[in-house]
Amino acid sequence: MREIQMVDLKSQYKKIKNEIDKAIQEVIDQATFINGPQVTRFQEDLENYLGVKHVIPCANGTDALQIAMMALGLKPGDEVITPSFTYIATTEVIALLGLTPVFVDVNPKTFCIDVEQIEKSITPKTKAIVPVHLYGQSADMDKIMEIATKYSLYVIEDNAQAIGCDYTHQDGSISKTGTIGTIGCTSFFPSKNLGCYGDGGAICTNDDDLAIKLKQIANHGQTIRYHHEMVGCNSRLDSIQAAILSIKLKKLDEYCDARRKVADFYDKNLGKIKGVTIPYRNTNSSHVFHQYTLQIEGVNRNDLVNFLATNGIPSMIYYPIPAHRQKMFDSFNSSSNNLTITDWLTNRVISLPIHTEMEEEQAEYICKQFKIFFER
Ligand SMILES: *Cc1c(COP(=O)(O)O)cnc(C)c1O
(Lines give C-alpha, C1' and ligand atoms only; values in the text may rest on other atoms or scores of the structure.)
Protein backbone atom coordinates (compact mmCIF):
# COMPACT_ATOMS: atom_id res chain seq x y z
CA MET A 1 0.00 0.00 0.00
CA ARG A 2 1.19 3.50 -0.85
CA GLU A 3 2.02 5.80 2.07
CA ILE A 4 -1.13 7.58 3.24
CA GLN A 5 -1.04 11.37 3.03
CA MET A 6 -3.61 14.07 3.77
CA VAL A 7 -3.18 15.14 0.12
CA ASP A 8 -1.19 13.22 -2.49
CA LEU A 9 -0.06 15.82 -5.01
CA LYS A 10 2.84 13.74 -6.33
CA SER A 11 0.64 10.89 -7.52
CA GLN A 12 -1.79 13.38 -9.06
CA TYR A 13 1.05 15.10 -10.94
CA LYS A 14 2.37 11.80 -12.31
CA LYS A 15 -0.93 11.24 -14.13
CA ILE A 16 -0.83 14.60 -15.91
CA LYS A 17 2.94 15.01 -16.09
CA ASN A 18 3.27 15.13 -19.88
CA GLU A 19 0.67 17.82 -20.33
CA ILE A 20 1.89 19.88 -17.37
CA ASP A 21 5.59 19.69 -18.28
CA LYS A 22 4.83 20.77 -21.84
CA ALA A 23 2.76 23.73 -20.66
CA ILE A 24 5.45 24.88 -18.22
CA GLN A 25 8.17 24.52 -20.85
CA GLU A 26 6.10 26.60 -23.26
CA VAL A 27 5.99 29.52 -20.82
CA ILE A 28 9.75 29.28 -20.31
CA ASP A 29 10.41 29.07 -24.06
CA GLN A 30 8.21 32.11 -24.67
CA ALA A 31 9.60 33.90 -21.59
CA THR A 32 6.10 35.24 -20.92
CA PHE A 33 6.42 34.77 -17.17
CA ILE A 34 4.20 37.66 -16.15
CA ASN A 35 0.81 38.44 -17.76
CA GLY A 36 1.45 35.93 -20.52
CA PRO A 37 -1.30 34.62 -22.80
CA GLN A 38 -1.70 31.69 -20.36
CA VAL A 39 -3.14 34.06 -17.75
CA THR A 40 -5.80 35.45 -20.10
CA ARG A 41 -6.63 31.93 -21.27
CA PHE A 42 -7.08 30.65 -17.72
CA GLN A 43 -9.16 33.70 -16.82
CA GLU A 44 -11.53 32.91 -19.70
CA ASP A 45 -11.53 29.18 -18.91
CA LEU A 46 -12.54 29.91 -15.32
CA GLU A 47 -15.20 32.44 -16.37
CA ASN A 48 -16.74 29.77 -18.59
CA TYR A 49 -16.51 27.05 -15.97
CA LEU A 50 -18.06 29.14 -13.22
CA GLY A 51 -20.56 30.91 -15.45
CA VAL A 52 -19.47 34.31 -14.17
CA LYS A 53 -18.86 37.51 -16.16
CA HIS A 54 -15.50 38.45 -14.70
CA VAL A 55 -12.58 36.56 -13.19
CA ILE A 56 -9.60 38.57 -11.95
CA PRO A 57 -6.63 36.28 -11.28
CA CYS A 58 -4.37 37.33 -8.40
CA ALA A 59 -1.47 36.11 -6.27
CA ASN A 60 -3.31 34.12 -3.59
CA GLY A 61 -6.62 33.68 -1.82
CA THR A 62 -5.77 36.06 1.01
CA ASP A 63 -5.02 38.84 -1.50
CA ALA A 64 -8.29 38.04 -3.27
CA LEU A 65 -10.21 38.76 -0.05
CA GLN A 66 -8.21 41.91 0.65
CA ILE A 67 -8.65 43.30 -2.87
CA ALA A 68 -12.37 42.53 -2.71
CA MET A 69 -12.76 44.54 0.50
CA MET A 70 -10.69 47.41 -0.92
CA ALA A 71 -12.73 47.53 -4.13
CA LEU A 72 -15.97 47.80 -2.16
CA GLY A 73 -14.61 50.92 -0.51
CA LEU A 74 -14.87 49.53 3.01
CA LYS A 75 -13.42 52.02 5.50
CA PRO A 76 -11.83 51.70 8.97
CA GLY A 77 -14.55 51.24 11.55
CA ASP A 78 -16.91 49.45 9.16
CA GLU A 79 -18.12 46.15 10.54
CA VAL A 80 -17.83 42.91 8.64
CA ILE A 81 -19.80 39.86 9.75
CA THR A 82 -17.93 36.57 9.39
CA PRO A 83 -17.67 33.17 11.05
CA SER A 84 -14.95 32.60 13.64
CA PHE A 85 -14.79 28.93 12.62
CA THR A 86 -12.62 29.37 9.51
CA TYR A 87 -9.05 29.63 8.28
CA ILE A 88 -7.41 32.76 9.69
CA ALA A 89 -7.04 34.51 6.30
CA THR A 90 -10.76 35.29 6.11
CA THR A 91 -10.77 37.29 9.32
CA GLU A 92 -7.19 38.57 9.18
CA VAL A 93 -7.69 40.74 6.08
CA ILE A 94 -10.71 42.38 7.72
CA ALA A 95 -8.52 43.55 10.61
CA LEU A 96 -5.59 44.36 8.29
CA LEU A 97 -7.73 46.94 6.49
CA GLY A 98 -8.78 48.49 9.81
CA LEU A 99 -12.27 47.06 9.53
CA THR A 100 -13.95 45.44 12.51
CA PRO A 101 -14.55 41.69 12.31
CA VAL A 102 -17.83 40.71 13.94
CA PHE A 103 -17.66 37.00 14.63
CA VAL A 104 -20.81 34.94 14.49
CA ASP A 105 -21.42 31.30 15.21
CA VAL A 106 -21.76 28.46 12.70
CA ASN A 107 -24.46 25.91 12.09
CA PRO A 108 -23.38 22.71 13.92
CA LYS A 109 -24.40 20.53 10.98
CA THR A 110 -23.00 22.42 7.98
CA PHE A 111 -20.05 24.12 9.75
CA CYS A 112 -21.02 27.26 7.78
CA ILE A 113 -22.17 30.65 9.11
CA ASP A 114 -25.43 30.42 11.08
CA VAL A 115 -27.82 32.63 9.13
CA GLU A 116 -30.03 33.11 12.20
CA GLN A 117 -27.10 34.81 13.93
CA ILE A 118 -26.30 37.22 11.11
CA GLU A 119 -29.31 39.47 11.49
CA LYS A 120 -28.79 39.77 15.26
CA SER A 121 -25.25 41.04 14.67
CA ILE A 122 -26.16 43.80 12.21
CA THR A 123 -25.60 47.38 13.42
CA PRO A 124 -25.65 50.72 11.55
CA LYS A 125 -21.89 50.18 10.98
CA THR A 126 -22.28 46.80 9.27
CA LYS A 127 -21.18 46.91 5.63
CA ALA A 128 -20.55 43.34 4.55
CA ILE A 129 -21.01 39.65 5.24
CA VAL A 130 -18.23 37.16 4.46
CA PRO A 131 -19.63 33.62 4.38
CA VAL A 132 -17.11 30.78 4.11
CA HIS A 133 -18.02 27.60 2.21
CA LEU A 134 -16.13 25.56 4.75
CA TYR A 135 -14.68 22.14 3.90
CA GLY A 136 -16.31 22.29 0.43
CA GLN A 137 -20.01 22.81 1.09
CA SER A 138 -21.95 25.98 0.37
CA ALA A 139 -23.26 28.27 3.08
CA ASP A 140 -26.98 29.05 2.95
CA MET A 141 -26.60 31.62 0.16
CA ASP A 142 -30.27 32.40 -0.58
CA LYS A 143 -30.88 33.44 3.02
CA ILE A 144 -27.60 35.35 3.18
CA MET A 145 -28.44 37.27 -0.01
CA GLU A 146 -31.92 37.99 1.33
CA ILE A 147 -30.50 39.53 4.52
CA ALA A 148 -27.87 41.42 2.49
CA THR A 149 -30.56 42.93 0.25
CA LYS A 150 -32.75 43.86 3.22
CA TYR A 151 -29.90 45.76 4.96
CA SER A 152 -27.97 46.86 1.81
CA LEU A 153 -24.85 44.86 2.66
CA TYR A 154 -22.16 43.47 0.40
CA VAL A 155 -21.51 39.74 0.34
CA ILE A 156 -17.98 38.45 -0.22
CA GLU A 157 -17.93 34.67 -0.58
CA ASP A 158 -14.80 32.93 0.68
CA ASN A 159 -14.81 30.11 -1.84
CA ALA A 160 -11.24 28.94 -1.20
CA GLN A 161 -12.39 25.48 -0.10
CA ALA A 162 -15.38 24.96 -2.39
CA ILE A 163 -14.46 25.69 -5.99
CA GLY A 164 -16.60 23.43 -8.18
CA CYS A 165 -19.47 23.27 -5.67
CA ASP A 166 -23.00 23.68 -7.06
CA TYR A 167 -25.56 25.61 -5.03
CA THR A 168 -29.25 25.04 -5.78
CA HIS A 169 -31.41 28.12 -5.19
CA GLN A 170 -34.95 27.99 -3.79
CA ASP A 171 -36.28 28.44 -7.35
CA GLY A 172 -34.36 25.37 -8.50
CA SER A 173 -31.71 27.21 -10.52
CA ILE A 174 -28.08 26.28 -9.90
CA SER A 175 -25.07 28.55 -9.38
CA LYS A 176 -21.44 27.76 -8.72
CA THR A 177 -20.36 28.95 -5.29
CA GLY A 178 -18.30 32.12 -5.54
CA THR A 179 -20.61 33.60 -8.19
CA ILE A 180 -23.63 34.36 -5.98
CA GLY A 181 -22.45 37.20 -3.74
CA THR A 182 -21.22 40.66 -4.74
CA ILE A 183 -17.73 39.19 -5.07
CA GLY A 184 -16.33 35.66 -4.74
CA CYS A 185 -12.76 34.86 -3.73
CA THR A 186 -10.80 31.68 -4.19
CA SER A 187 -7.33 30.23 -3.64
CA PHE A 188 -5.21 27.95 -5.80
CA PHE A 189 -2.90 26.92 -2.95
CA PRO A 190 -1.49 23.50 -3.99
CA SER A 191 -3.68 21.47 -1.62
CA LYS A 192 -6.95 23.19 -2.57
CA ASN A 193 -9.38 21.36 -4.85
CA LEU A 194 -8.07 23.36 -7.81
CA GLY A 195 -4.46 23.87 -6.78
CA CYS A 196 -1.46 25.16 -8.72
CA TYR A 197 2.23 24.50 -8.08
CA GLY A 198 2.83 27.52 -5.91
CA ASP A 199 0.56 30.37 -4.83
CA GLY A 200 -2.43 31.63 -6.77
CA GLY A 201 -5.90 33.07 -6.34
CA ALA A 202 -8.83 34.65 -8.14
CA ILE A 203 -11.68 37.07 -7.63
CA CYS A 204 -15.07 36.74 -9.41
CA THR A 205 -17.90 39.15 -9.97
CA ASN A 206 -20.81 39.74 -12.31
CA ASP A 207 -20.58 43.52 -11.76
CA ASP A 208 -18.80 45.30 -14.67
CA ASP A 209 -17.80 48.41 -12.68
CA LEU A 210 -16.50 46.37 -9.76
CA ALA A 211 -14.47 44.21 -12.16
CA ILE A 212 -12.64 47.29 -13.44
CA LYS A 213 -11.89 48.41 -9.87
CA LEU A 214 -10.74 44.95 -8.78
CA LYS A 215 -8.36 44.78 -11.76
CA GLN A 216 -7.04 48.26 -11.01
CA ILE A 217 -6.41 47.55 -7.34
CA ALA A 218 -4.63 44.27 -8.08
CA ASN A 219 -2.38 46.25 -10.45
CA HIS A 220 -1.09 49.21 -8.39
CA GLY A 221 -4.30 51.18 -8.87
CA GLN A 222 -3.71 51.65 -12.59
CA THR A 223 -5.56 50.86 -15.80
CA ILE A 224 -3.32 52.98 -18.03
CA ARG A 225 0.32 52.26 -17.28
CA TYR A 226 1.91 54.73 -14.82
CA HIS A 227 -1.42 56.48 -14.20
CA HIS A 228 -2.25 55.42 -10.65
CA GLU A 229 -5.77 56.41 -9.75
CA MET A 230 -5.96 54.82 -6.33
CA VAL A 231 -3.78 53.01 -3.84
CA GLY A 232 -3.65 49.38 -4.84
CA CYS A 233 -1.25 46.50 -4.53
CA ASN A 234 0.74 44.11 -6.70
CA SER A 235 -1.10 40.84 -6.92
CA ARG A 236 -0.62 38.70 -10.02
CA LEU A 237 -1.03 35.07 -10.99
CA ASP A 238 2.18 33.85 -12.71
CA SER A 239 1.88 32.55 -16.28
CA ILE A 240 3.31 29.16 -15.26
CA GLN A 241 0.64 28.78 -12.57
CA ALA A 242 -2.07 29.86 -15.00
CA ALA A 243 -0.91 27.28 -17.56
CA ILE A 244 -1.04 24.55 -14.90
CA LEU A 245 -4.47 25.70 -13.73
CA SER A 246 -6.01 25.56 -17.22
CA ILE A 247 -5.00 21.91 -17.43
CA LYS A 248 -6.23 21.06 -13.94
CA LEU A 249 -9.50 23.00 -14.38
CA LYS A 250 -10.52 20.54 -17.12
CA LYS A 251 -10.24 17.81 -14.50
CA LEU A 252 -11.87 19.67 -11.61
CA ASP A 253 -15.25 17.93 -11.85
CA GLU A 254 -13.53 14.55 -12.05
CA TYR A 255 -11.36 15.53 -9.06
CA CYS A 256 -14.45 16.53 -7.05
CA ASP A 257 -16.09 13.21 -7.90
CA ALA A 258 -13.00 11.31 -6.74
CA ARG A 259 -13.12 13.15 -3.42
CA ARG A 260 -16.86 12.44 -3.09
CA LYS A 261 -16.20 8.75 -3.67
CA VAL A 262 -13.77 8.67 -0.75
CA ALA A 263 -16.30 10.57 1.38
CA ASP A 264 -19.03 8.07 0.48
CA PHE A 265 -16.76 5.23 1.52
CA TYR A 266 -15.94 6.88 4.86
CA ASP A 267 -19.65 7.64 5.45
CA LYS A 268 -20.57 4.03 4.88
CA ASN A 269 -17.85 2.61 7.07
CA LEU A 270 -17.62 5.13 9.91
CA GLY A 271 -21.23 6.32 10.10
CA LYS A 272 -22.38 3.62 12.47
CA ILE A 273 -19.65 4.01 15.07
CA LYS A 274 -21.05 5.32 18.35
CA GLY A 275 -19.57 8.76 19.10
CA VAL A 276 -18.86 9.58 15.45
CA THR A 277 -20.90 12.06 13.40
CA ILE A 278 -20.23 11.98 9.68
CA PRO A 279 -20.37 15.21 7.62
CA TYR A 280 -23.90 16.48 7.03
CA ARG A 281 -24.79 16.93 3.37
CA ASN A 282 -27.12 19.81 2.71
CA THR A 283 -29.62 19.13 -0.08
CA ASN A 284 -29.17 22.66 -1.46
CA SER A 285 -25.51 22.15 -2.24
CA SER A 286 -23.16 19.59 -3.68
CA HIS A 287 -20.18 18.88 -1.44
CA VAL A 288 -16.72 18.94 -2.99
CA PHE A 289 -15.03 17.62 0.17
CA HIS A 290 -12.00 19.82 0.40
CA GLN A 291 -11.91 18.23 3.84
CA TYR A 292 -13.65 15.19 5.25
CA THR A 293 -14.39 16.31 8.78
CA LEU A 294 -15.93 14.14 11.46
CA GLN A 295 -17.27 15.17 14.85
CA ILE A 296 -16.27 12.82 17.63
CA GLU A 297 -17.27 12.47 21.25
CA GLY A 298 -16.66 10.09 24.14
CA VAL A 299 -12.99 9.58 23.28
CA ASN A 300 -9.85 11.62 23.79
CA ARG A 301 -9.12 13.31 20.45
CA ASN A 302 -5.37 13.60 21.07
CA ASP A 303 -5.24 9.88 21.76
CA LEU A 304 -7.08 9.22 18.50
CA VAL A 305 -4.72 11.47 16.50
CA ASN A 306 -1.72 9.72 18.07
CA PHE A 307 -3.18 6.26 17.52
CA LEU A 308 -3.79 7.01 13.84
CA ALA A 309 -0.32 8.54 13.44
CA THR A 310 1.30 5.49 15.04
CA ASN A 311 -0.49 3.40 12.44
CA GLY A 312 0.67 5.55 9.54
CA ILE A 313 -2.49 7.62 9.17
CA PRO A 314 -2.18 11.41 9.21
CA SER A 315 -5.12 13.48 10.42
CA MET A 316 -5.64 17.19 11.05
CA ILE A 317 -7.65 19.49 13.31
CA TYR A 318 -9.15 22.27 11.17
CA TYR A 319 -8.90 24.52 13.12
CA PRO A 320 -7.48 24.10 16.64
CA ILE A 321 -8.16 27.73 17.71
CA PRO A 322 -11.13 29.68 16.33
CA ALA A 323 -10.56 33.29 15.24
CA HIS A 324 -12.33 34.85 18.22
CA ARG A 325 -9.82 33.18 20.55
CA GLN A 326 -6.72 34.19 18.60
CA LYS A 327 -4.36 36.63 20.27
CA MET A 328 -4.36 38.84 17.16
CA PHE A 329 -8.01 39.66 17.83
CA ASP A 330 -7.63 40.42 21.55
CA SER A 331 -8.64 44.02 20.95
CA PHE A 332 -11.94 43.07 19.35
CA ASN A 333 -14.47 42.43 22.03
CA SER A 334 -16.43 39.51 20.74
CA SER A 335 -17.93 38.52 24.08
CA SER A 336 -21.25 39.94 22.93
CA ASN A 337 -21.39 37.10 20.46
CA ASN A 338 -22.45 33.71 21.59
CA LEU A 339 -19.98 31.36 19.90
CA THR A 340 -20.78 28.21 21.84
CA ILE A 341 -21.14 26.05 18.71
CA THR A 342 -17.78 27.24 17.40
CA ASP A 343 -16.06 26.39 20.70
CA TRP A 344 -17.90 23.08 20.90
CA LEU A 345 -16.97 22.09 17.35
CA THR A 346 -13.36 23.17 17.81
CA ASN A 347 -12.99 20.46 20.45
CA ARG A 348 -14.78 17.78 18.44
CA VAL A 349 -13.63 17.96 14.82
CA ILE A 350 -11.04 15.80 13.13
CA SER A 351 -10.26 15.68 9.40
CA LEU A 352 -9.16 12.48 7.69
CA PRO A 353 -7.03 12.11 4.54
CA ILE A 354 -8.99 12.86 1.38
CA HIS A 355 -7.68 13.53 -2.10
CA THR A 356 -8.05 12.62 -5.75
CA GLU A 357 -5.61 9.71 -5.76
CA MET A 358 -6.82 7.76 -2.73
CA GLU A 359 -6.93 4.02 -3.27
CA GLU A 360 -9.70 1.85 -1.91
CA GLU A 361 -7.12 -0.19 -0.05
CA GLN A 362 -5.97 2.95 1.77
CA ALA A 363 -9.51 4.06 2.65
CA GLU A 364 -10.28 0.56 3.91
CA TYR A 365 -7.17 0.55 6.09
CA ILE A 366 -8.00 3.98 7.54
CA CYS A 367 -11.54 2.87 8.43
CA LYS A 368 -10.26 -0.36 9.95
CA GLN A 369 -7.80 1.43 12.23
CA PHE A 370 -10.35 4.09 13.10
CA LYS A 371 -12.82 1.42 14.19
CA ILE A 372 -10.17 -0.40 16.22
CA PHE A 373 -9.60 2.77 18.24
CA PHE A 374 -13.31 3.22 18.98
CA GLU A 375 -13.79 -0.43 19.88
CA ARG A 376 -10.85 -0.60 22.28
C1 LIG B 1 -6.78 28.67 1.83
C2 LIG B 1 -7.78 29.60 2.35
C3 LIG B 1 -7.65 30.99 2.22
C4 LIG B 1 -6.40 31.69 1.76
O5 LIG B 1 -5.80 31.27 0.61
P6 LIG B 1 -4.26 31.50 0.33
O7 LIG B 1 -4.14 31.27 -1.13
O8 LIG B 1 -3.49 30.54 1.15
O9 LIG B 1 -3.92 32.93 0.68
C10 LIG B 1 -8.70 31.79 2.64
N11 LIG B 1 -9.80 31.26 3.18
C12 LIG B 1 -9.96 29.94 3.34
C13 LIG B 1 -11.24 29.42 3.93
C14 LIG B 1 -8.96 29.06 2.95
O15 LIG B 1 -9.13 27.75 3.13
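The values are calculated or read from the model by the stated rules, or taken from the named source; none is laboratory data. Keep in mind the model is a prediction, meaning the values are calculated, not measured. Here Cβ is always computed from backbone atoms with ideal geometry, including for glycine, and neighbour counts include all displayed protein chains. Remember, those area values only see protein heavy atoms, side chains included, never the ligands or the DNA or RNA. Shrake-Rupley method; radii C 1.70, N 1.55, O 1.52, S 1.80 Å.
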For this session: Could you grab the relative contact order for the chain? Cα pairs under 8 Å, six or more apart, rounded to a whole percent.
Result: 23 percent
Exercise. Karplus couplings for segment 363-369 from phi (6.51 cos²θ - 1.76 cosθ + 1.60, θ = phi - 60°), rounded to Hz, Gly and Pro as x?
Worked result: 4, 4, 4, 4, 5, 4, 5
For this session: Using a 10 angstrom cutoff on alpha carbons, build the Gaussian network for the chain and name the most mobile of 81, 147, 224.
Result: 224
Exercise. Treating the beta-carbon of each Lys and Arg as +1 and of each Asp and Glu as -1, no other charges, what is the dipole magnitude of the chain about its Cα centre, to the nearest 20 debye?
Worked result: 520 debye
Problem set entry | Additional length obtainable on full extension of the chain from residue 16 to residue 166, 0.36 nm per residue less Cα span | 51.4 nm
Exercise. Tell me which lysines have Cα within less than 21 Å of residue 125's Cα, excluding those fewer than 8 residues away on the same chain?
Worked result: 75, 143, 150
Exercise. Quick one: Karplus J couplings for segment 96-102, per residue in order, coefficients 6.51, -1.76, 1.60, θ = phi - 60°, nearest Hz, x for Gly and Pro?
Worked result: 4, 8, x, 7, 9, x, 10
Exercise. Among the lysines, which fall within straight-line cross-link reach of residue 368, defined as a Cα-Cα distance under 21 Å, with same-chain neighbours fewer than 8 residues apart omitted?
Worked result: 261, 268, 272, 274
Seminar exercise, completed: Largest-first semi-axes in Å of the equivalent ellipsoid built from the Cα gyration tensor of segment 32-149 are 28, 18, 13
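Out of every Cα-Cα pair in segment 252-375, what percent are more than 24 Å apart? If you can, show how the numbers build up before the last one.
Working: 2638 of 7626 pairs.
Across segment 252-375, Cα pairs with separations above 24 Å total 35 percent.
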Problem set entry | Within the accessible area of segment 1-69 (1.4 Å probe), percent carbon and sulfur | 49 percent
For this session: Apply 1/(1 + (r/R0)^6) to the Cβ-Cβ distance of residue 311 and residue 119, taking R0 = 35 Å, and write down the FRET efficiency to the nearest 0.05.
Result: 0.15
For this session: Could you tell me what fraction of 2.2 N^0.38 Å the Cα radius of gyration of segment 9-249 comes to, as a two-decimal ratio?
Result: 1.01
Problem set entry | Rounded accessible area per residue of segment 252-375, 1.4 Å, Å² | 49 Å²
For this session: Quick one: what are the phi-derived ³J(HN,Hα) couplings along segment 266-282, Karplus 6.51/-1.76/1.60 with θ = phi - 60°, whole Hz, x for glycine and proline?
Result: 4, 3, 5, 8, 10, x, 9, 6, 5, x, 10, 10, 7, x, 6, 10, 6
Exercise. So how much slack lies between residue 347 and residue 25, counting 0.36 nm per residue of separation and subtracting their Cα-Cα distance, in nm?
Worked result: 111.3 nm
Seminar exercise, completed: Of 233-240, 260-267, ordering from highest average Cβ density within 10 Å down gives 233-240, 260-267
Problem set entry | Residue with peak Gaussian network fluctuation, the chain [Cα springs, cutoff 10 Å], from 127, 17, 176 | 17
For this session: Counting helices only, and only those DSSP H runs with n ≥ 4, report the 222 nm mean residue ellipticity of the chain as the sum of -39,500 (n - 2.57) divided by its residues, in deg cm²/dmol to the nearest 500.
Result: -12500 deg cm²/dmol
Exercise. Given 324, 153, 141, which one lies farthest toward the positive end of the charge dipole of the chain, if we put +1 on the Cβ of every Lys and Arg and -1 on the Cβ of every Asp and Glu?
Worked result: 324
Problem set entry | Under-5 Å amide H pairs with residue 100, H placed in peptide plane, nonlocal only | 77, 78, 79, 80
For this session: Sort 285, 173 by accessible area with a 1.4 Å probe, largest first.
Result: 173, 285
Problem set entry | Extension gain from residue 272 to residue 231, taking 0.36 nm per residue of separation minus the Cα-Cα distance | 9.2 nm
Seminar exercise, completed: For the pair residue 88 and residue 6, the simple spin-label estimate (label points 7 Å beyond Cα toward Cβ) gives in nm 1.4 nm
Exercise. Label points 7 Å out from Cα along the Cβ direction at residue 365 and residue 283: separation in nm?
Worked result: 4.0 nm
Exercise. Dividing the Cα radius of gyration by the Kirkwood radius, what Rg/Rh value follows for segment 26-73?
Worked result: 1.06
Problem set entry | Hits among lysines - C-alpha to C-alpha of residue 192 under 16 Å, sequence gap 8 or more where chains match | 10, 248, 250, 251
